[in-house]
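The values are calculated or read from the model by the stated rules, or taken from the named source; none is laboratory data. Keep in mind that this is a model prediction, so the values were computed, not measured. With ideal geometry, Cβ positions are generated from the backbone for all residues, glycine too; neighbour counts draw on all protein chains shown.
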Amino acid sequence: MFKGILIEKDHSGYRATVQELADEQLPEGDVTVRVSHSTLNYKDALAITGRGPVVRKFPLVPGIDLVGTVEESSHPGYKVGDKVVLNGWGVGESHWGGLAQKARLKGEWLVPLPEAFSPQQAMAIGTAGYTAMLCVMALEHHGVTPDKGEILVTGAAGGVGSVAIAVLSKLGYTVVGVTGRPEEREFLMGLGASDVLERSAFSAAGKPLGRERWAGAVDVVGSHTLANVCATTRYGGVVTACGLAGGMDFPGSVAPFILRGVTLAGIDSVMAPRELRLQAWQRLTTDLDLDKLSHIAQAIGLNDVVDMASQLLDGQVRGRVIVDVN
Ligand code: NDP
């Protein structure tokens with residue numbers, strides 16, 4: 001038996017509780033992992049609270065991230081004792097996830113834990129941090145170099161935002177954060193932001209084009225914020241869109257794209273190909289300051305996860321949440 005969070009939905013409602021689970025309940029897979037840590041991401045919080053339609057199969061163990069040690073494997077790439085990381089691939093949505101002491105997965109979903117990181121550090125990064133790295137790599141891919149100008153990061157005090165600021169500043173970019181929590185200004189400046197702007201400046205309906213300011217952007221918010229970010233991006237600039245914390249709509253116009261040659265680059269971490277994942281994790285070993293990472297993350301236990309999920313969706317959680325499942 002092992003402990004895990006189970007989400008159930010039946011005649012008595014939708015609930016997530018910590019339960020004793022049996023090995024026989026684990027789904028099919030060619031690698032069984034003894035999980036040491038998982039995390040709490042925005043998507044996990046939607047799944048746990050039921051506030052978003054994330055769970056596609058009940059009952060389900062949530063958790064889109066995990067790190068642990070291989071306990072059994074019939075996959076040629078992994079042997080007992082290997083340390084592995086998993087992010088996405090529908091795990092924690094349609095396949096039992098990381099918020100339990102054991103998981104059974106497809107070997108092809110796993111990546112080796114980079115030697116540079118402890119299990120806790122890998123989860124302090126987690127899907128949010130690896131997605132932040134994918135955003136930075138997309139900016140680079142489209143030619144946004146530090147000399148091009150300021151990079152805007154929305155949802156700055158959240159998981160993706162805080163890692164994005166830390167990475168961008170280490171790479172020499174001038175980074176401006178947008179937050180709804182002015183009390184986090186010092187935290188964001190400590191991560192490397194050169195300025196911090198108020199969320200309300202971006203969250204209402206704006207004009208199709210505004211004063212050109214950003215050479216690039218990492219947007220986790222969507223909706224009016226994304227439209228306003230595109231409208232204020234400089235000629236030839238690049239906006240990476242990875243989130244919907246403010247809404248799934250995109251009430252913008254094509255003006256920034258057809259009049260200023262702005263590129264809107266979509267970022268998906270869930271189905272990202274293995275090569276790109278390996279590259280992103282490798283880049284994190286050199287481009288993320290571990291000292292900053294320790295300020296970004298806090299650790300909780302399995303029993304705290306359900307309460308923390310509501311707080312996270314209410315925008316009250318700073319940075320990243322590591323879950324020690326043992
Ligand atoms: P967090 O909850 O940690 O951070 C989100 C941040 O967005 C909050 O901290 C807050 O920042 C800001 N925010 C929250 N609500 C609103 C709102 N209504 N309007 C404007 N800003 C808001 O989540 P994550 O960083 O883990 O994820 C951020 C988004 O990215 C989510 O939508 C998530 O689903 C998505 N995501 C997508 C991935 C992909 O593969 N495409 C992978 C990972 C995440 P502040 O307090 O500073 O304003």
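Would you mind finding the one in 137, 123, 133 that is over 20 Å from residue 244 (Cβ atoms), touching a residue at least 24 places away in the same chain (Cβ under 8 Å) and assigned by TED's automatic domain parsing to the domain that holds residue 176? Before you say what the answer is, go through the steps one by one.
Details: 123 fails: assigned by TED's automatic domain parsing to the domain that holds residue 176; 133 fails: over 20 Å from residue 244 (Cβ atoms).
Going through 137, 123, 133 in turn, just one is over 20 Å from residue 244 (Cβ atoms), touching a residue at least 24 places away in the same chain (Cβ under 8 Å) and assigned by TED's automatic domain parsing to the domain that holds residue 176: 137.
Looking only at the stretch 249-273, which residues are over 21 Å from residue 164 (Cα atoms) and within 16 Å of the ligand (Cβ to nearest atom)? Before the answer, list the steps.
Taking the stretch 249-273 as the starting set, the residues that turn out to be over 21 Å from residue 164 (Cα atoms) are 249-261.
The answer is 249, 250, 251, 252.
Does the stretch 259-280 contain at least one residue that is farther than 19 Å from residue 126 by Cβ and modelled with pLDDT under 95?
no
Would you tally the residues in the stretch 223-232 being within 13 Å of the ligand (Cβ to nearest atom) and touching a helix residue (DSSP H, G or I) at 6+ places or on another chain (Cβ under 6 Å)?
Initially, the stretch 223-232 is screened for residues within 13 Å of the ligand (Cβ to nearest atom), giving 223-229.
With touching a helix residue (DSSP H, G or I) at 6+ places or on another chain (Cβ under 6 Å) added as a condition, the list becomes 224-225, 228.
Final tally of qualifying residues: 3.
Taking the conditions exactly as written (among the aliphatic types (A, V, I, L, M), within 16 Å of the ligand (Cβ to nearest atom) and either assigned by TED's automatic domain parsing to the domain that holds residue 305 or in contact with a Gly (Cβ under 6 Å, 6 or more places away or on another chain) (or both)), does residue 22 satisfy them or not?
On the way: among the aliphatic types (A, V, I, L, M): yes; within 16 Å of the ligand (Cβ to nearest atom): no; either assigned by TED's automatic domain parsing to the domain that holds residue 305 or in contact with a Gly (Cβ under 6 Å, 6 or more places away or on another chain) (or both): yes.
So residue 22 does not fit the description; no.
Residues in the stretch 309-320 that are more than 8 Å from the ligand (Cβ to nearest atom) and either surrounded by fewer than 20 Cβ atoms within 10 Å (Cβ to Cβ) or closer than 15 Å to residue 156 by Cα (or both): how many? Full working, then the answer.
Residues of the stretch 309-320 that are more than 8 Å from the ligand (Cβ to nearest atom), as a first pass: 309-311, 314, 316.
Checking which are either surrounded by fewer than 20 Cβ atoms within 10 Å (Cβ to Cβ) or closer than 15 Å to residue 156 by Cα (or both) leaves us with 310-311, 314, 316.
Here the count works out to 4.
Output the number of residues of the stretch 175-222 satisfying the condition of being part of a strand (DSSP E or B), more than 11 Å from the ligand (Cβ to nearest atom) and in contact (Cβ under 8 Å) with a residue 60 or more places away in the chain.
Summing the residues that are part of a strand (DSSP E or B), more than 11 Å from the ligand (Cβ to nearest atom) and in contact (Cβ under 8 Å) with a residue 60 or more places away in the chain in the stretch 175-222 gives 4.
I'd like to know if the stretch 284-292 contains one or more residues that are touching a strand residue (DSSP E or B) at 6+ places or on another chain (Cβ under 6 Å), closer than 19 Å to residue 87 by Cα, surrounded by 14 or more Cβ atoms within 10 Å (Cβ to Cβ) and not assigned by TED's automatic domain parsing to the domain that holds residue 140. Let's see the steps before the verdict.
Here is the first cut: in the stretch 284-292, the residues touching a strand residue (DSSP E or B) at 6+ places or on another chain (Cβ under 6 Å) are none.
No.
Among (1) away from the ligand (no atom under 15 Å from the Cβ); (2) within 19 Å of the chain's Cα centre (by Cα); (3) not acidic (Asp, Glu), which single condition is residue 235 missing?
(2)
Going through the stretch 162-206 one residue at a time, which ones are among the β-branched types (Val, Ile, Thr) and in contact with a strand residue (DSSP E or B) (Cβ under 9 Å, 6 or more places away or on another chain)?
163, 165, 174, 175, 176, 178, 179, 196
Identify all residues within the stretch 89-116 that are surrounded by 22 or more Cβ atoms within 10 Å (Cβ to Cβ) and of a type in the set (Gly, Ala, Ser); write none if there are none.
Within the stretch 89-116, 92, 97, 98, 100, 103 qualify.
If residue 240 satisfies every condition in (1) closer than 18 Å to residue 133 by Cα; (2) polar (S, T, N, Q); (3) away from the ligand (no atom under 15 Å from the Cβ) but one, which is the exception?
Just one mismatch for residue 240, condition (3).
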